[in-house]
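Q: Here's a structure for you.
The values are calculated or read from the model by the stated rules, or taken from the named source; none is laboratory data. Treat the numbers as computed from the prediction; the structure is a model and nothing was measured. Methodologically, a virtual Cβ is constructed for each residue, glycine included, from the backbone with ideal geometry; neighbour enumeration extends over all protein chains shown.
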Amino acid sequence: MARVGERLKEERLLRGWSQRDLAREAGTTAETISSIETGQHEPRPSTLRKLAEGLGLEVRDFYKEPAVPLGEAPPPSGPPHVSKERLEEHFENVRQNEVDYLNWTIADFWRLALPGEKPQAHFVPEEIDTDRVWQYLEHAFAARNVFEPEEAERINRGIRKLTLAGRA
């Protein structure tokens, strides 16, 4: 039954709930939840039903293994960023607003690489030299040590998608 306590705790923590929060949702006490999670107490079937209902689960979910153990869950991945310091190693007079626009552009290409995403119109602030920002991006690709290969491929997929959409 210790597995039930572990799963109960995992599900509670996934929701960001305290034992008291779950007790309120399930109509039981925080002490009962604590004793189940620590394996000191085997829950009665009626308590298990209340806990499952409070968590929006089925009782059988307490007996399943999690898809990915919590300690091994991959970190959320987002678009890579290029720092101003990194660009200043190769370019002079790098402005922070250019770096911000470069990183926004990278994030937009990153988004575009996802299935079903479409290009969105946007206005470039007048103070941004887009040719210079493209030089930064070209440098980042040519350096081969700014992006991981998978990141570069995904950004390139977004660029290709944008290019193809421009031809339509």
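Q: Any residue in region 73-87 that is in a helix (DSSP H, G or I), over 30 Å from Arg12 (Cβ atoms), touching a residue at least 40 places away in the same chain (Cβ under 8 Å) and over 24 Å from the mean Cα position of the chain (by Cα)?
A: Within region 73-87, one or more residues are in a helix (DSSP H, G or I), over 30 Å from Arg12 (Cβ atoms), touching a residue at least 40 places away in the same chain (Cβ under 8 Å) and over 24 Å from the mean Cα position of the chain (by Cα).
Q: Could you count how many residues in region 96-128 are outside any helix (DSSP H, G or I) and loosely packed, with under 13 Cβ neighbours inside 10 Å?
A: 12
Q: Follow-up. Answer with yes or no whether Val68 is of a type in the set (Val, Ile, Thr), under 30 Å from Glu10 (Cβ atoms) and modelled with pLDDT under 90.
A: For Val68, the condition - of a type in the set (Val, Ile, Thr), under 30 Å from Glu10 (Cβ atoms) and modelled with pLDDT under 90 - is met.
Q: Return the residues of region 138-152 that are modelled with pLDDT of 85 or more and exposed (fewer than 12 other Cβ atoms within 10 Å of the Cβ); say none if nothing qualifies.
A: Glu138, Ala142, Glu148, Pro149, Glu150
Let's see how each residue does on (1) surrounded by 13 or more Cβ atoms within 10 Å (Cβ to Cβ); (2) outside any helix (DSSP H, G or I); (3) modelled with pLDDT under 90:
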| residue | (1), (2), (3) |
| --- | --- |
| Arg12 | yes, no, yes |
| Gly16 | no, yes, yes |
| Ile36 | yes, no, no |
| Gly39 | yes, yes, yes |
| Ser46 | no, no, no |
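Q: While we're on this one: Search region 18-34 for residues being under 27 Å from the mean Cα position of the chain (by Cα) and assigned to a helix (DSSP H, G or I), and hand back the single one that is surrounded by the most Cβ atoms within 10 Å (Cβ to Cβ).
A: My answer is Leu22.
Q: Looking at (1) surrounded by 12 or more Cβ atoms within 10 Å (Cβ to Cβ); (2) under 19 Å from Thr163 (Cβ atoms); (3) within 26 Å of the chain's Cα centre (by Cα), find the lone condition where Gln135 falls short.
A: (3)
Q: Let me ask another. For region 131-150, check the following and say yes or no: at least one residue is in contact with a His (Cβ under 7 Å, 6 or more places away or on another chain) and not basic (Lys, Arg).
A: yes
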